[in-house]
Amino acid sequence: MKNWAARPALIGLIVPALLGLAWEFGVRYGVVPGRLMPPPSALWTSAVAMVRAGELQSHIAATLWRVLVGFGIGAGAGTVLGLLTGASLWARLLLDPAIQAIRAIPSLAWVPLFILWLGIFETSKLALVALGVFFPVYLGVLSAIQDVDRKLVEVGRVFGLSRFGIVWRITLPAILPVWIAALRSGLGLGFMFVIAAELMGASEGLGFLLLDGQQMGRADSILVAMITFALLGKLADGILVGLSRPLLRWQDVVRAKL
Amino acid sequence: MTKLAIEHLNKTYADGTEALRDVSVRADDGEILAILGGSGCGKTTLLRLVAGLDEASGGGIAVDGAQVRGTSRTISAVFQEPRLLPWLSVADNVAFGAQRLDAEERRTRAEALLARVGLEGYGKRWPKDLSGGQQQRVAIARALIGHPGILLLDEPFSALDPFTRSSLHELVLGLWQELKPTILMVTHDVDEAVFLADRIVVMKPRPGRVHETITVNLPRPRDKISSVFDTVTRRIMHAIDRSLGEDGKAGLRPQAGVHSPWW
C-alpha cells in the first residue's frame, strides 16, 4: 500500500492502461472496427512513421510557436491592463466596462472579423490565441489586486514606502500566486484557441493534422494529433508550474500536488 | 521635553460616527504612555491618526514641535497582528522597517536585532514557519530597526497567551531602555499598562475622550505581584469605573431597547 501511495502517478496510469489493452484486443478479435478506432499499436506505428518523415515535428513546431507568441501577447496585455485597472480607480472606471463588454462576446465570434482584417495567415491566428489568453489573465490580475490585504499595504505606508514602492514591494508579490494561476488557465485556453484557429484553415500545425485526418478518413492521425495536444498542454503547464515554484515557496497553503 | 503633542484631535468617520472628540495628549521624549480604555473609546483610531494611516477631522499632531501630516519617518508601529510580509524571509521582514539605510547596514542591524529578540538563526526562515509570539517578536524588531523617535503599539500582545505576553513585556521594556523611543501604546489590559507605562491615559467611550491621566510612580523593574503594583492597579480601576459614569454602569446591565453600539 505504502509504495503505491508514494507513486500516485502510477495509480493514475491503471485506468488508461486497461482501456488501451481492452481496445487493442477488441480490435484484434474483431469486436470493434479498427479502421475508425485504430488500436494503440497502430497509433504508435503511425506516430513513428510521422516522426520519421519529420511531419509531426513540423506540425508541433508550428502550433507551439502560435501558442507561445499568442500567449505572450495576450498574457502581457492582460497583465498590464489588469494592473492598470486594479491600481487606478480612474483607469478602472474608464476601461473595465468596455473590456467586460468585449468579454461578453464569445471569443470565437471574432474569427470572421480577424480573417477579414488580418488575413487568413499567421496574424489572425495569433490574434485569436492572444484574445483567448487575455481575459483570464486580465480578470485574475484585476481581482487579485482588489483582494490585496489592506493591513499589509498599511505596513508599507507606516514604513515610508512611496506609492510606487507599495505597488512594487507589496502589491506585486501579493498578487503573484493568483497571477500564476491566471497564466495557467490562460495557457490552457491558448491551446484551445490555437486548435480553433488552425481548424479555420491552416497548412500546418496539429489543428491542420486533425482536419486533414478527418478529410482523408485517417482516424490514426487525428488521434495522434489529439494525444500530442494533451502531452504538449501538460508539458507547457508543467514548465510554467516548475518556473513559478521557487517564487511561491513562502505560501502557507495546503498543496500536496500541483 | 515634549516629543509628541496631540492637540484637540477630532475624528468623525464618513458614516457620521464620532470616534474622537477633542483629544489632547502629550508625551515626553523617551516616555511610555499607555492609552487605556474599552471598546469604542477610539484608542485604535487615535493610534491610526498618529501613524498617519487616517486623517483627522480636526486638531493637529506635532512631533518635536513640527506638525506632521501623513506617515512620518520618525514614527513606527507594531500592530495587533504581526503583519509580516509572507513573501519575505524573517531577516528581510526586519530589514523592511529601515527603508532608508543601505543594504549592508540593514543586514547587520537585522541580524543583531533578531538575536536581541531571541530569534538568532531564524533569519532565513519564512514567517509561516514561526509561532504567533515569534512573529510578533519579528514585528517588534522591524519597528525598531530604523531607531524611530516614536513607537506606536496597537495592543500587540492581546492575541498572545499569558506566558508569551509576559516575556514580550520584558522584551519591549529592555529594548526601550536601550533605544529610548517615546512609546504610545494602546491597551485594554490594566496590568499591562501599569507594568509598562510612565503615565496612563484613561479614555471614555462614545465619543472617545480623555477621562483622566494617571502617573505611575513605580521604579522599574516593576513587580506585578507587589502591593504597590496592586495599589496603582486599583487606582486605575476606579478611574475606569468613573469614566464609564452612570450611563456606562447602566449599560452593563441587560436592558431592553438599548441600541447596539456601532462596532
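Just so it is clear, none of the values below were taken in a lab; they were calculated from the coordinates. Just so it is clear, the model here is predicted, and its values are computed rather than measured. Backbone-built Cβ (ideal geometry, glycine too); neighbour counts: all protein chains shown.
Structural remarks
- Residue of A:Lys151, A:Lys125, A:Lys234 that the Gaussian network model of chain A assigns the largest fluctuation, springs spanning Cα pairs under 10 Å: A:Lys151
- Sorting A:Phe121, B:Phe229, B:Phe195, A:Phe229 by the number of Cβ atoms found within 10 Å of their own Cβ, with the fewest placed first, yields A:Phe121, B:Phe229, A:Phe229, B:Phe195.
- Shielding by partners for peptide B:93-100, expressed as the average number of C-beta atoms from other protein chains within 10 Å of each residue's C-beta, is 3.
- Averaging the Cα positions of each part gives two centres, and for region B:84-151 and region A:149-225 these lie 37 Å apart.
- Amide H within-cut-off set for B:Ile35, under 5 Å, with H built and near neighbours excluded: B:Met185, B:Val186, B:Thr187, B:Val201
- Distance distribution P(r), region B:1-142, all Cα-Cα pairs, bin width 5 angstrom from 0: 2, 9, 16, 17, 15, 14, 13, 9, 4, 0 percent.
- Largest-first ellipsoid semi-axes for the protein assembly as shown, taking √(5λ) over the Cα gyration tensor eigenvalues, angstrom: 64, 26, 22
- Comparing A:Ser162, A:Ser46, A:Ser107 in a Gaussian network model of chain A, where Cα atoms under 10 Å apart are tied by springs, the biggest mean-square fluctuation is seen for A:Ser162.
- Region A:30-98: C-alpha pair distances exceeding 17 Å, %: 67 percent
- Of B:Ala51, B:Ala159, B:Ala139, the one that fluctuates the most in a GNM where chain B has Cα springs shorter than 10 Å: B:Ala159
- Debye intensity ratio I(q)/I(0), log10, region A:1-118, q values 0.13 Å⁻¹ (C-alpha model): -0.90
- Solution diffusion estimate, µm²/s, Stokes-Einstein, region A:116-189, Kirkwood Rh from C-alpha pairs, 10 °C, viscosity 1.306 mPa s: 112 µm²/s
- Radius of gyration (Cα atoms) of region B:102-220, expressed as a multiple of 2.2 N^0.38 Å: 1.17.
- Counting neighbouring beta carbons within 10 Å and listing from fewest to most, the residues B:Ile140, A:Ile120, A:Ile73 come out as A:Ile120, A:Ile73, B:Ile140.
- Under the span-like rule (Cα at least 30 Å along the axis, Kyte-Doolittle mean at least 0.5), DSSP H helices of chain A: A:8-28, A:55-87, A:122-146, A:172-199, A:219-244
- Shielding by partners, peptide B:68-81 (average Cβ within 10 angstrom, other chains): 2
- Note: region A:139-258, Cα convex hull, 132 Å³ per residue.
- Packing around the peptides B:64-74, A:81-91, taken as the average count of other Cβ atoms within 10 Å per residue, puts them in this order, highest first: A:81-91, B:64-74.
- Alpha-carbon centroids, region B:29-70 and region A:25-43: separation in whole Å: 80 Å
- Least to most buried among B:Tyr13, B:Tyr122, A:Tyr138, A:Tyr29 (fewest other Cβ within 10 Å first): A:Tyr29, B:Tyr13, B:Tyr122, A:Tyr138
- Beta bridges from DSSP with both residues in the protein assembly as shown: antiparallel share about 50 percent, rounded to the nearest 5.
- Beta bridges by DSSP in region B:119-238, antiparallel share as percent, to the nearest 5: 55 percent
- Debye intensity ratio I(q)/I(0), log10, region A:51-247, q values 0.11, 0.14, 0.16 Å⁻¹ (C-alpha model): -0.58, -0.84, -1.01
- Calculated log₁₀ intensity ratio I(q)/I(0) where the Debye formula runs over C-alpha points of chain B, q = 0.07, 0.08, 0.09, 0.16 Å⁻¹: -0.26, -0.33, -0.42, -1.25
- Screening chain B for DSSP H helices whose Cα atoms reach 20 Å or more along their own axis and whose mean Kyte hydropathy is at least -1.0 gives B:162-179, B:227-252.
- Close amide H pairs (under 5 Å, H built 1.01 Å from N) link B:Leu20 with B:Lys11, B:Gly208, residues at least 5 positions away or on another chain.
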